[in-house]
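Please treat every number below as a calculation from the coordinates, not as lab data. Note that the coordinates shown come from a computational prediction; the quantities given were computed from them, not determined experimentally. Every residue, glycine as well, gets a Cβ built from its backbone with ideal geometry; the counts of neighbours run over all protein chains shown.
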Amino acid sequence: MQQADSITCPAMRRLIGEMKRIEPLQPDPPGFSDKDILIDILITMDGTLFTLEGPGNFSDSHSGRFMMEANVGTPLAQWARRIEDALTTCWK
């Protein structure tokens, strides 16, 4: 098991805080478009899946939990790769 901590890796706190700037995901149910025109459904199951989950707050200060999953080429994937690269020397 590998771990990193913000005591020995001060950059971690700033990098983890960047998750607040990840573009939010909008619901997009299969078979619907913005113009309410029925379209064919195509689901592709390949690639690298990035998952981010944890506690969160709504704008009215109520709390809850969130989970975001996305493939490569997304804001979530870009953030995860930045974290991975920046914390390379922090893992023990």
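To the nearest 0.05, how large is the calculated FRET efficiency for Met1 and Thr51 if R₀ is 22 Å and r is the Cβ-Cβ distance?
Given R0 = 22 Å and the Cβ-Cβ separation, E is 0.75.
Which order results if Trp91, Trp79 are arranged by neighbouring Cβ count within 10 Å, fewest first?
Trp91, Trp79
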